[in-house]
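S.K.: Have a look at this one before I ask anything.
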Amino acid sequence: MSYVDEVIDRVVKENPSEPEFHQAVKEVLESLRPVVEANEESFRKDAVLERIVNPERQIKFRVPWVDDKGQVQVNTGYRVQFNSAIGPYKGGLRLHPSVNLGIIKFLGFEQIFKNSLTGLPIGGGKGGSDFDPKGKSDREVMAFCQSFMTELSKYIGADTDVPAGDIGTGAREIGYMFGQYKRLRGVFEGVLTGKGLTYGGSLARTEATGYGLLYITEELMKCHGQSLEGKTIVVSGAGNVATYAIQKAHQLGAKVVTCSDSTGWVYDPDGIDVAALKEIKEVKRARLTEYKNYRPNSEYHEGKGVWTVKCDIALPCATQNELDLDDAKALVANGVIAVAEGANMPTTLEATEYLQKNGVFFLPGKAANAGGVATSALEMSQNSERLSWSFDEVDAKLKGIMVGVYHNIDEAAKKYGFEGNYVVGANIAGFEKVVTAMNAQGIV
Ligand code: NDP
Ligand code: 2IT
């Protein structure tokens, strides 16, 4: 059996009930075949792949907090410190009822290669909890965040592990967590990114993932003799990534006609109104059913459906496995040119394969959504030098990084004979840097 197949088998056997982690490992290791086959003997001897698929450390803890009725609630917290070969662990905290160890491990695993692709010195990690911020009062969210950080603070620090936002963790949650860390540890340091602008946050971090997604998509189109001007785009999600992806798409001359949340989706033939979306989601924390009150010309549909809308470009920006084979078929039938992942692993393996086989340009999340974590690394730099850069300075750096990521993955794909396969390109380019760093540091 080949070394790759052996390690995939072991991962499945040793980590039962973690299907998302299996999926992420399979996608990466399958793409690495050409590199692994060229180095099979030495990789096997050094157990390179076993070391890549096993986290350096995984922490699981109890998070007790008191709700507004005086009832004690208990959630589970996680932090997976996956790989620190190229820098301190870096990656977000997801707060969603679906969170479990397998989901955090898939996200942490992806983060290793994504962070490597940014070209910045950040290792891979991820964390979170099965706590659901939806429907909770601000005081309840604060109580949870303080309890979560009371335990997490033992394992993180500006030079060891720097968490950030992800699903369910936005500016409010980061603020409460930062305050508790500072109180417990007595230091004001850049231990979290995505902080508020008054206490060490970076301009453009809020916008960075969505903006970065459009910068890399723009570069992809440009390199294929096309542009975003006049293109119709469908977006899923209505959170941080989706909102700023829509905003930048409009600035670049495209029209985004959909967005969605976990209960339904909106079709707005005139283009999604970002100001309305922000008010509904960021201020009122309400459902998308409200969108019609702002835009009478729009339609609201229950359930899932954005991928059935005719478009040139599709940007999944909600969650994992939200775009399956049937969705990919619908997109291809409607003539989609490109799919770029704003979310982490939103496209199933079968759907990805179908899109690629049908000539659709496909940018995987670890490249396409790397702008968020890249800008987090820029926030870390600003914190270290105790300075704040202007919006334009950060935005220009972000754009440069995303254009660089595109060319890095494009060239890696070409080098191994997979021109145009950005999944292979991203996995190989991300892996090569991590493995070089691991080898240089010995067996640790
Ligand atoms: P938010 O919490 O701001 O928004 C998430 C959006 O996705 C919401 O509209 C939410 O709907 C929807 N959603 C979440 N879970 C589900 C689900 N199970 N089914 C359907 N819809 C769902 O998160 P972000 O925008 O920050 O994150 C979105 C994706 O982007 C995630 O995959 C995240 O890992 C990834 N990402 C985020 C980065 C960042 O900087 N924030 C960076 C790189 C990647 P509802 O409100 O109804 O739950
Ligand atoms: O998935 C991701 O890259 C994030 N949620 C952002 C991580 C970060 O450290 O900014």
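Just so you know, all these numbers are worked out from the coordinates, no wet-lab data involved. All figures in this text were calculated on a predicted structure; none of them were measured in a lab. Please note: Cβ atoms are built from the backbone with ideal geometry, for glycine as well, and neighbour counts cover all protein chains shown.
S.K.: Could you check, for the stretch 131-148, whether at least one of its residues is more than 14 Å from ligand 1 (Cβ to nearest atom), touching a helix residue (DSSP H, G or I) at 6+ places or on another chain (Cβ under 8 Å), assigned to a helix (DSSP H, G or I) and within 17 Å of Gly87 (Cα to Cα)? Please lay out each step first, then the result.
M.R.: Filtering the stretch 131-148 down to residues more than 14 Å from ligand 1 (Cβ to nearest atom) leaves 137-140, 142-148.
Keeping just the survivors that are touching a helix residue (DSSP H, G or I) at 6+ places or on another chain (Cβ under 8 Å) gives 138, 142, 145-146, 148.
Retained after the next criterion (residues that are assigned to a helix (DSSP H, G or I)): 138, 142, 145-146, 148.
Next cut, within 17 Å of Gly87 (Cα to Cα) only: none.
No, the stretch 131-148 contains no residue that is more than 14 Å from ligand 1 (Cβ to nearest atom), touching a helix residue (DSSP H, G or I) at 6+ places or on another chain (Cβ under 8 Å), assigned to a helix (DSSP H, G or I) and within 17 Å of Gly87 (Cα to Cα).
S.K.: Any idea which of (1) more than 16 Å from ligand 1 (Cβ to nearest atom); (2) out of contact with any Ser or Thr (no Cβ under 9 Å at 6 or more places or on another chain) is the one Ala367 doesn't satisfy?
M.R.: (1) is the only condition that Ala367 fails.
S.K.: Here's something else I'd like to know. Just to be sure, is Ile174 closer than 17 Å to Glu379 by Cα, aliphatic (A, V, I, L, M), within 14 Å of ligand 2 (Cβ to nearest atom) and part of a helix (DSSP H, G or I)?
M.R.: On the way: closer than 17 Å to Glu379 by Cα: yes; aliphatic (A, V, I, L, M): yes; within 14 Å of ligand 2 (Cβ to nearest atom): yes; part of a helix (DSSP H, G or I): yes.
It is true that Ile174 is closer than 17 Å to Glu379 by Cα, aliphatic (A, V, I, L, M), within 14 Å of ligand 2 (Cβ to nearest atom) and part of a helix (DSSP H, G or I).
S.K.: From Asp273, Asp324, Asp312, which residue is without any contact (Cβ under 8 Å) to a residue 40 or more places away in the chain and closer than 28 Å to Gln23 by Cβ?
M.R.: On the way: Asp273 fails: closer than 28 Å to Gln23 by Cβ; Asp312 fails: without any contact (Cβ under 8 Å) to a residue 40 or more places away in the chain.
Just a single option satisfies the conditions, and that option is Asp324.
S.K.: Next question. Consider the stretch 347-383. How many of its residues are surrounded by fewer than 24 Cβ atoms within 10 Å (Cβ to Cβ) and either part of a loop (DSSP other than H, G, I, E, B) or without any contact (Cβ under 8 Å) to a residue 24 or more places away in the chain (or both)?
M.R.: 7
S.K.: Which residues, counting only those in the stretch 122-141, are within 16 Å of ligand 2 (Cβ to nearest atom) and at positive phi? Walk me through it before giving the result.
M.R.: Going through the stretch 122-141, the residues within 16 Å of ligand 2 (Cβ to nearest atom) turn out to be 122-129, 133.
If the condition is that a residue be within 16 Å of ligand 2 (Cβ to nearest atom) and at positive phi, then Gly128 is the only one that fits.
S.K.: Another one. Please state which of the following conditions Trp389 fails to meet, knowing it meets all the rest: (1) in contact with a helix residue (DSSP H, G or I) (Cβ under 8 Å, 6 or more places away or on another chain); (2) over 23 Å from Gly194 (Cα atoms); (3) not β-branched (Val, Ile, Thr).
M.R.: (2) is the only condition that Trp389 fails.
S.K.: On to the next question. Quick check: anything in the stretch 182-200 touching a helix residue (DSSP H, G or I) at 6+ places or on another chain (Cβ under 8 Å), more than 28 Å from Ser262 (Cβ to Cβ), of a type in the set (D, E, K, R) and not in a strand (DSSP E or B)?
M.R.: yes
S.K.: Sticking with this structure for a sec: Restricting attention to the stretch 173-189, does a residue exist that is under 19 Å from the mean Cα position of the chain (by Cα), of a type outside the set (Gly, Ala, Ser), closer than 16 Å to Val141 by Cα and within 16 Å of ligand 1 (Cβ to nearest atom)? It would help to see each step written out before you state the result.
M.R.: Our first condition is that a residue be under 19 Å from the mean Cα position of the chain (by Cα); within the stretch 173-189, this holds for 173-174.
Filter again for of a type outside the set (Gly, Ala, Ser), leaving 173-174.
Okay, now just the ones that are also closer than 16 Å to Val141 by Cα, so 173-174.
Filter once more, keeping what is within 16 Å of ligand 1 (Cβ to nearest atom): 173-174.
Within the stretch 173-189, one or more residues are under 19 Å from the mean Cα position of the chain (by Cα), of a type outside the set (Gly, Ala, Ser), closer than 16 Å to Val141 by Cα and within 16 Å of ligand 1 (Cβ to nearest atom).
S.K.: Same structure, new question: Can you tell me how many residues in the stretch 321-336 are in contact with a strand residue (DSSP E or B) (Cβ under 6 Å, 6 or more places away or on another chain) and more than 16 Å from ligand 2 (Cβ to nearest atom)?
M.R.: Going through the stretch 321-336, the residues in contact with a strand residue (DSSP E or B) (Cβ under 6 Å, 6 or more places away or on another chain) turn out to be 322-323, 331, 336.
The next check asks that each one be more than 16 Å from ligand 2 (Cβ to nearest atom); those that pass are 323, 331, 336.
Summing the residues that are in contact with a strand residue (DSSP E or B) (Cβ under 6 Å, 6 or more places away or on another chain) and more than 16 Å from ligand 2 (Cβ to nearest atom) in the stretch 321-336 gives 3.
S.K.: Still on this structure: Out of (1) within 16 Å of ligand 2 (Cβ to nearest atom); (2) among the hydrophobic types (A, V, I, L, M, F, W, C); (3) free of Cβ contacts under 8 Å to residues at least 12 places away in the same chain, the odd one out for Ala318 is which?
M.R.: All conditions pass for Ala318, except number (3).
S.K.: In the stretch 258-279, which residue that is among the hydrophobic types (A, V, I, L, M, F, W, C) and touching a Phe, Trp or Tyr at 6+ places or on another chain (Cβ under 6 Å) is surrounded by the fewest Cβ atoms within 10 Å (Cβ to Cβ)?
M.R.: In the first step, residues of the stretch 258-279 are kept if they are among the hydrophobic types (A, V, I, L, M, F, W, C); the result is 259, 265-266, 272, 274-277.
Cutting the leftovers down to touching a Phe, Trp or Tyr at 6+ places or on another chain (Cβ under 6 Å) gives us 266, 276.
Numbers: Val266: 26, Ala276: 18.
Among residues in the stretch 258-279 that are among the hydrophobic types (A, V, I, L, M, F, W, C) and touching a Phe, Trp or Tyr at 6+ places or on another chain (Cβ under 6 Å), the one surrounded by the fewest Cβ atoms within 10 Å (Cβ to Cβ) is Ala276.
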